[in-house]
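Enquirer: My structure is below; once you've seen it, I'll send some questions.
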Amino acid sequence: MSEKFDVVFIGAGPGGYVGAIRAAQLGLKVACIENMKGKDGKSTLGGTCLNIGCIPSKALLDSSYKYHETQASLAVHGISVKDVGIDVPAMIRRKDDIVKQLTGGIAQLFKANGVAHIKGTGKLLANKTVSVLDEAGEQTLYQADHIVLATGSSPVEIPVAKVDGEFIVDSTGALEFSAVPERLGIIGAGVIGLELGSVWKRLGSEVVLLEAMDTFLASMDQFIAKETKKTLGRQGLDIRLACRVLGAEVKNQQVHVSYSDKDGNQQSDVFDRLIVCVGRRPNTDGLLAADSGVETDERGRIVVNDFCATSTEGIWAIGDLVRGPMLAHKASEEGVMVAERIAGQKAQLNYALVPGVIYTHPEVASVGQTEEQVKATGNDYKVGMFPFAASGRALAANDTTGLVKIIADAVTDRILGCHIVGASAADLVQQVAIAMEFGATAEDIGTMVFAHPALSEAVHEAALAANGHAIHIANKKKR
Ligand code: FAD
Ligand code: NAD
C-alpha cells in the first residue's frame, strides 16, 4: 500500500481537477489520477473539456467565424478585403497551442495547491482503495477517506458507421482535419453536430446532417429550436430530420452513406468525411471492481444523490459520469460541491439553473424551463420576447438575427426560463440565470437600468414585454 490521502479523485477533467483544487484549498491532502495523453504523447490534465472538447472546438469556431466574417460580412461596413486565404494546419496549430497553454496551467495549479498528480488508470476497489496501473504496467494501491469518481464520458459508437479515425471520425477526429472536406456528412444534429458542422461549413464544406429524431433539438424550447433551424438552414447547413442511417462504407477515399429518409424511402449520399456524434456514454469500463459497492443505472451512469454521494459511504461521483446534462460547468460545480461537503460544509447545487449553450453563430442559450415544460405543469404563464432586429446595438454590429424569450409565472411574475438565439446569447442568458438564482420577477429585470446601447437591452425589453410594457416593440397586450 502506498501513500494515504484524504481525497483521491479519479479523472482530471473539469469535474476532477476543479474538485481536487477546491479540496486542497480546504486543507485536505489530495491526489488526482489521470490517464489521458495529449497529442504530443505526454500526460495531460483537463480531460475532454480542455483537450478534445469545449476549448479546442471553440478555438476552431472562433477561427472559422473570423474567416467567414472577413469573407462575407465586411463589405456592408464598407471594408473590402482581397485574397482571403485559409491555412487549416495553422488554424489547428493555434487550437493545439491554446490546449497546451490551458492544460499546462492545470499542472501549475496542481503544484501551487499541493495536489498530487498520479499518472495512470485508476480502478475503485472495496474498502476505499484505488489501484492505479501506470504506463510501465506497475500497479500501486492508494487509500483515501474519500474517493471521487470523475472519469467523464466517451463518444457513443454505432455499428452502422464504425469510426476509422480517417474518413469516419468522432468529435475528436473532427477537430483534426488537415484540409477542408468538400462534402461533410454528420450523423446526429445535436450540439456537437451543429458546432463542428458550423466550423467546417464556414471554411467551405457542404455540410449535411442526418438526424434520427423528427424534432430538431427536442429538449430545447421549441420556438427557439425552430428559429435556430431556420437560421442554420439559411447558413447552408442541410439538416435532414427523421433519418435512419443504414450503413457507411469507405470506397475510393469517400464515405458512401445509405439511410432511410423521413418518408421511409431509401437514400444514399457520398461524403469526403463523415462525423459520428450521436451522444456520449459514461466512462465506467474497468472502473469498478465487482465488490466496489457502487451501483450504475440502465444508462451506465453511476447512481448518486443530489449531493453526488453514491450509496457507499465515502465514494462520490460527478460530471458526465452521473445524471444530468453532460456539461463542463455542471461537472466543475459538482466537483466544488463534493470537495466542500467532504470538508464538512453544507454545499449544494441548483440543478434547475444550469445554463446550456450551443456555440453556433448566432449562439443558442437557455436556462430554466422551456415553454413546453412550463405548459406541462398546467400553471398559467406569460411570455415576453424581443427580437435583436429591434436592438440598436445589434443593428450597429450588423448582427440582428434572433431574439430573447423570457417565460414568467402568470401569478407571481417569477421568471421560469429564458431562451435566446442571438449574438452573445451565452453571456446574456447568464444575466437572467443570476436574476433567477435570486428569485427575480420579470418586473425586477424590467425596472433595472441597462447600459445603452448593449445587446443586454434585449433582455430588459423581453422582461418588460412579459408584462406588456416593452418600449421598443409593439406589445401584444397592453396592461
Ligand atoms: P472529462 O472531461 O471527460 O474528464 C474525465 C477524465 O478522466 C478524462 O481525462 C479521462 O481520460 C480520465 N479518465 C477516464 N477513466 C479514467 C481512469 N480509469 N483513470 C484515470 N483517468 C481516467 N461542455 C460545455 O459545458 N461547454 C462546451 O462548449 C462543450 N463543448 C464540448 C465539445 C466537444 C467536442 C465535446 C466532446 C464535449 C464538449 N462539452 C462541452 C462537454 C464537456 O467536455 C464535458 O461535459 C466535460 O468535459 C465533462 O467533465 P468530466 O470532468 O465529467 O469528464
Ligand atoms: P447530443 O445528445 O447533443 O446530440 C446527439 C444527436 O444525435 C441527437 O439529436 C440524437 O437524436 C441524434 N442521434 C442519436 N442516434 C442517432 C443515430 N443513430 N442516427 C442519427 N442521429 C442520431 O450529443 P452530442 O452532440 O454527441 O454531444 C454529446 C454531449 O456533449 C452532449 O450531451 C452535450 O451536452 C455535450 N456538448 C456540449 C457542448 C456545449 O455545451 N456547447 C458542445 C458539445 C458537446
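Enquirer: Got a number for residues in the range 409-430 being surrounded by fewer than 21 Cβ atoms within 10 Å (Cβ to Cβ) and part of a strand (DSSP E or B)?
Expert: Qualifying residue count for the region: 2.
Enquirer: A further question follows. Go through the range 340-367 residue by residue and tally those that are assigned to a strand (DSSP E or B) and not β-branched (Val, Ile, Thr).
Expert: Qualifying residue count for the region: 4.
Enquirer: Identify the residue in the range 309-335 that is closer than 21 Å to Gln143 by Cα and of a type in the set (A, V, I, L, M) and, among all such residues, is surrounded by the most Cβ atoms within 10 Å (Cβ to Cβ).
Expert: Filtering the range 309-335 for residues that are closer than 21 Å to Gln143 by Cα and of a type in the set (A, V, I, L, M), the one surrounded by the most Cβ atoms within 10 Å (Cβ to Cβ) comes out as Ile318.
Enquirer: Any idea which of Gly47, Gly85 is open to solvent by less than 70 Å² (accessible area, probe 1.4 Å), within 16 Å of ligand 1 (Cβ to nearest atom) and not aliphatic (A, V, I, L, M)?
Expert: None of the other options fit; the residue is Gly47.
Enquirer: Determine the pairs where a residue that is on the phi > 0 side of the Ramachandran plot, located within the range 153-176, has a partner that is open to solvent by less than 30 Å² (accessible area, probe 1.4 Å) and within 11 Å of ligand 1 (Cβ to nearest atom) with Cβ atoms under 8 Å apart, the partner being 6 or more residues away or on another chain.
Expert: Listed pairs, sorted by first residue: Gly165/Gly173.
Enquirer: Check whether at least one residue in the range 285-308 is among the polar types (S, T, N, Q), in contact with a Lys or Arg (Cβ under 7 Å, 6 or more places away or on another chain), more than 15 Å from ligand 2 (Cβ to nearest atom) and open to solvent by 30 Å² or more (accessible area, probe 1.4 Å), and report yes or no.
Expert: For the range 285-308, residues among the polar types (S, T, N, Q), in contact with a Lys or Arg (Cβ under 7 Å, 6 or more places away or on another chain), more than 15 Å from ligand 2 (Cβ to nearest atom) and open to solvent by 30 Å² or more (accessible area, probe 1.4 Å): absent.
Enquirer: Where residues in the range 382-398 are of a type in the set (A, V, I, L, M, F, W, C) and under 11 Å from His472 (Cβ atoms), which of them is surrounded by the fewest Cβ atoms within 10 Å (Cβ to Cβ)?
Expert: Among those residues, the one meeting the criterion is Ala389.
Enquirer: Of all residues in the range 201-211, which are more than 15 Å from ligand 2 (Cβ to nearest atom) and crowded, with 20+ Cβ neighbours inside 10 Å?
Expert: Lys201, Arg202, Leu203, Ser205
Enquirer: Same structure, new question: Which ones in the range 148-173 are within 9 Å of ligand 1 (Cβ to nearest atom) and touching a Lys or Arg at 6+ places or on another chain (Cβ under 8 Å)?
Expert: Listed by number, the residues that qualify are Ser153, Ser154, Pro155.
Residue-by-condition table, conditions (1) in contact with a helix residue (DSSP H, G or I) (Cβ under 7 Å, 6 or more places away or on another chain); (2) free of Cβ contacts under 8 Å to residues at least 24 places away in the same chain:
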residue: Lys111; (1), (2): no, yes
residue: Leu124; (1), (2): no, no
residue: Thr140; (1), (2): no, no
residue: Pro181; (1), (2): yes, no
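Enquirer: Do we have any residue at all in the range 431-445 that's surrounded by fewer than 23 Cβ atoms within 10 Å (Cβ to Cβ), away from ligand 1 (no atom under 16 Å from the Cβ) and assigned to a strand (DSSP E or B)?
Expert: Scanning the range 431-445 turns up at least one residue that is surrounded by fewer than 23 Cβ atoms within 10 Å (Cβ to Cβ), away from ligand 1 (no atom under 16 Å from the Cβ) and assigned to a strand (DSSP E or B).
Enquirer: Now for a separate question. Which residue is least open to solvent (accessible area, probe 1.4 Å), if the candidates are limited to the range 146-194 and must be of a type in the set (Ser, Thr, Tyr) and under 30 Å from Val7 (Cα atoms)?
Expert: The residue in question is Ser153.
Enquirer: While we're looking at this one, here's another question. Could you check the range 7-109 for helices (runs of 4 or more DSSP H) lying wholly inside it with 1 or more residues that are of a type in the set (A, V, I, L, M), within 16 Å of ligand 2 (Cβ to nearest atom) and over 30 Å from Ile302 (Cβ atoms)?
Expert: 54-72
Enquirer: Can you tell me which residues in the range 238-292 are assigned to a loop (DSSP other than H, G, I, E, B), among the acidic types (Asp, Glu) and under 27 Å from Gly53 (Cα atoms)?
Expert: Asp272, Asp285
Enquirer: Assuming Glu363 fulfils every condition listed in (1) in contact with a strand residue (DSSP E or B) (Cβ under 7 Å, 6 or more places away or on another chain); (2) more than 16 Å from ligand 2 (Cβ to nearest atom); (3) open to solvent by 30 Å² or more (accessible area, probe 1.4 Å) apart from one, which condition is it?
Expert: The one condition Glu363 does not meet is (2).
Enquirer: Please state which of the following conditions Ala12 fails to meet, knowing it meets all the rest: (1) within 13 Å of ligand 1 (Cβ to nearest atom); (2) in contact with an Asp or Glu (Cβ under 6 Å, 6 or more places away or on another chain); (3) open to solvent by 60 Å² or more (accessible area, probe 1.4 Å).
Expert: (3)
Enquirer: Ok, one more. Can you work out which of the residues in the range 155-176 that are among the acidic types (Asp, Glu) and more than 9 Å from ligand 2 (Cβ to nearest atom) is nearest to Gln254 (Cα to Cα)?
Expert: Only one residue fits best here, namely Glu166.
The values are calculated or read from the model by the stated rules, or taken from the named source; none is laboratory data. Note that the structure is predicted; figures quoted are calculated from it, not measured. In this analysis, Cβ positions are derived from the backbone assuming ideal geometry, glycine residues included, and neighbour counts consider all displayed protein chains. Accessible surface is based on the protein model in full, side chains and every heavy atom, while ligands, DNA and RNA are left aside. Shrake-Rupley method; radii C 1.70, N 1.55, O 1.52, S 1.80 Å.
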